[in-house]
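Q: Quick one: this structure, given as structure tokens, is what I'll be asking you about.
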Amino acid sequence: MNSVTALFVVVAVFNEIAVLFGRRDAERWLKPGALVALIGVALSLGALDTSVGRWILVALVCSLAGDVFLLGDAEGSFIRGLASFLLGHLAYVVAFLLLAQPTWSPVVALVLVALVIVGRWVFLGARAQGGPVLGGAVAAYMAVIGTMAALGVSLGRPVLGAGALLFLVSDAVLGWDRFVARQAWARVVVMTTYHLGQLLIVIGAIGAGALR
């Protein structure tokens, strides 16, 4: 593990601790700080040298913007965060398509079926809370992240596939907690799977150099 990756891990762990103990003041610095460190990980792996790497950087920058927006409590902050992450997932989709030829399998089908089952409840909850506009935005987001996760699993890169699935789990738990039923443990699970998922995507897509 190189020093930049170690820095990311340290910041991410402290962010999870801040979430666990409800320290929003610390989280306001640690949450974006973790993504800045992860962008450093991608750069240390040579992300600027390839088209795939540059699209990964675009996805990470969008994720950083989404993290900053979601630190706000207003409904508008949530919508802006949702839009930022949607753009990030689209960037991941482009990167994955440049990386390898997708190979569809029963695992991909299971991912999509699970997304439809959970997504239906999240969509209904979002529409009930925010009307058709919010419901439509959440539905569009679920379609994009489902595409990202399915592609990630279909590329035959286990590390990348695991990262894409963890990112999907993170957003599924977030959506369930916000629109279906509040869970005391949700925010810790959301952030842990989010950070680990993003790290695995970066390593799986760009290379294993961060582990050396």
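Just so you know, all these numbers are worked out from the coordinates, no wet-lab data involved. These numbers were taken from a predicted model, which means no experiment stands behind them. Neighbour counts are summed over all protein chains in view; Cβ atoms, including those assigned to glycine, are modelled from backbone coordinates with ideal geometry.
Q: Can you compute the helix-only [θ] at 222 nm over the chain? Use -39500 (n - 2.57) per DSSP H run of at least 4 residues, normalise by all residues, nearest 500 deg cm²/dmol. Before the final figure, lay out each step's value.
A: On the way: 7 runs with 176 residues, N = 212.
When only DSSP H runs of four or more count, the value is -29500 deg cm²/dmol.
Q: Quick check: the distance between the Cα centres of the range 53-127 and the range 1-51, to the nearest angstrom?
A: 19
Q: Here's another thing I want to ask about it. Each residue of the range 12-24 in order: what ³J(HN,Hα) in whole Hz does its phi give by Karplus 6.51 cos²θ - 1.76 cosθ + 1.60, θ = phi - 60°, with x for Gly and Pro?
A: 5, 5, 5, 5, 4, 5, 4, 5, 4, 9, x, 8, 5
Q: Work out from phi, with θ = phi - 60° and the Karplus expression 6.51 cos²θ - 1.76 cosθ + 1.60, the ³J(HN,Hα) of each residue of the range 123-140, listed in order in whole Hz, and give x for Gly and Pro.
A: 4, 4, x, 5, 5, 5, 7, x, x, x, 5, 5, x, x, 5, 5, 4, 5
Q: Which residues make up the longest stretch of the chain that has no chymotrypsin sites (Phe, Trp or Tyr not before Pro) in a DSSP loop with at most 12 other Cβ atoms within 10 Å?
A: Longest stretch, sites excluded: 22-103.
Q: What's the FRET efficiency of residue 26 with residue 140 using the Cβ-Cβ distance as r and R₀ = 22 Å, to the nearest 0.05? Write out the running numbers ahead of the final one.
A: Numbers: r = 33 Å, r/R0 = 1.49.
In this case the efficiency is close to 0.10.
Q: Counting Lys and Arg as +1 and Asp and Glu as -1, what is the net charge of the other residues whose Cβ lies under 11 Å from the Cβ of residue 20? Could you put the intermediate results ahead of the total?
A: On the way: positive: 23, 187; negative: 16, 27.
My count for the surroundings of residue 20 gives 0.
Q: Next up: Show me, for the range 175-181, the HN-Hα J-couplings you get by feeding each phi into the Karplus relation (A = 6.51, B = -1.76, C = 1.60, θ = phi - 60°), rounded to Hz, glycine and proline as x.
A: x, 5, 5, 7, 10, 10, 8
Q: Related question: Kirkwood Rh over alpha-carbon pairs of the range 87-212, then Stokes-Einstein at 37 °C and 0.692 mPa s: what D in µm² s⁻¹, rounded to an integer?
A: So the translational diffusion coefficient is about 220 µm²/s.
Q: With mean projected area of the Cα convex hull in nm² in mind, check (i) 10.6; (ii) 12.2; (iii) 15.7 and report the label derived from this structure.
A: Computed from the coordinates, mean projected area of the Cα convex hull in nm² corresponds to (i).
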